[in-house]
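Undergrad: Take this structure first; my questions come after.
The values are calculated or read from the model by the stated rules, or taken from the named source; none is laboratory data. Bear in mind that the values here come from a model prediction, so they are computed numbers and not experimental data. Here the Cβ positions follow ideal geometry from the backbone for every residue, glycine too, while neighbour counts run over all protein chains shown.
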Amino acid sequence: MTATITALPSIAPMPSFREIYKSNVAFVWSYASRRGVPHAYIEDVVQEVFLAVHQSLASFAGKSTLRAWIAGVVRHVTIAHLRRNSFGNGLLRPEEDSEFFRDLVTPAEIADRNERVKVIVNILDDMTELSREAYWLYEIEERPGSEVAEVLGVSENTVRMRVRTARRSLRPVVTRFRESA
């Protein structure tokens with residue numbers, strides 16, 4: 001009788017921390033800034049995220065992709081940062097980032113832009129966190145649906161549904177803004 005030896009599935013080696021940093025720093029920077037971290041604090045938050053990644057890398061079980069796991073770390077770190085610094089509910093506020101309006105010329109234009117941003121922020125505030133994040137990642141950051149699904153831990157169909165719902169919420173306001181411009 002001969003014994004059959006079956007090969008064990010190969011497990012991809014974990015990339016070095018340096019490789020993880022290089023391949024994910026732009027994603028972390030972008031994702032953290034879209035979660036409402038003011039520009040002046042973004043470097044600190046990115047550093048805090050990678051410190052947490054470095055400290056917890058050994059506990060990464062591989063149940064999701066590394067990027068999805070890092071996105072979870074970003075969510076936790078930004079929430080903690082925003083709570084610690086009382087920046088509100090995690091959305092960009094016009095008054096928090098002076099560079100946001102640098103290109104405007106007159107105070108009337110600044111007031112008009114501020115009002116429009118406030119209206120959009122209020123609509124985004126009314127959305128669930130999942131819808132808001134799906135919309136932001138898919139529409140604003142132009143991430144593929146598969147990546148958004150991976151980052152949020154949902155199916156691509158759920159991402160499409162959330163983005164469609166967010167678009168419907170924003171469509172009347174955007175149409176009104178375009179007509180008044």
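Undergrad: Go through (1) in contact with a helix residue (DSSP H, G or I) (Cβ under 7 Å, 6 or more places away or on another chain); (2) buried (at least 17 other Cβ atoms within 10 Å of the Cβ); (3) in contact (Cβ under 8 Å) with a residue 12 or more places away in the chain for Glu147 and report which single condition fails.
TA: Evaluating Glu147 over (1) in contact with a helix residue (DSSP H, G or I) (Cβ under 7 Å, 6 or more places away or on another chain); (2) buried (at least 17 other Cβ atoms within 10 Å of the Cβ); (3) in contact (Cβ under 8 Å) with a residue 12 or more places away in the chain leaves (1) as the failure.
Undergrad: Looking only at the range 115-127, which residues are in contact (Cβ under 8 Å) with a residue 24 or more places away in the chain and either charged (D, E, K, R) or exposed (fewer than 12 other Cβ atoms within 10 Å of the Cβ) (or both)?
TA: Once the filter is applied, which keeps residues that are in contact (Cβ under 8 Å) with a residue 24 or more places away in the chain and either charged (D, E, K, R) or exposed (fewer than 12 other Cβ atoms within 10 Å of the Cβ) (or both), the range 115-127 yields Arg116, Lys118, Asp125, Asp126.
Undergrad: Can you tell me which residue in the range 45-61 is nearest to the chain's Cα centre (by Cα), limited to those that are surrounded by fewer than 18 Cβ atoms within 10 Å (Cβ to Cβ) and in contact (Cβ under 8 Å) with a residue 24 or more places away in the chain?
TA: Filtering first and then ranking leaves Ala52.
Undergrad: Within the range 103-181, which helices (runs of 4 or more DSSP H) (wholly inside it) include 2 or more residues that are modelled with pLDDT of 90 or more?
TA: 145-152, 156-180
Undergrad: Could you check the range 1-102 for helices (runs of 4 or more DSSP H) lying wholly inside it with 3 or more residues that are modelled with pLDDT of 85 or more and farther than 24 Å from Thr128 by Cβ?
TA: 17-34, 42-56
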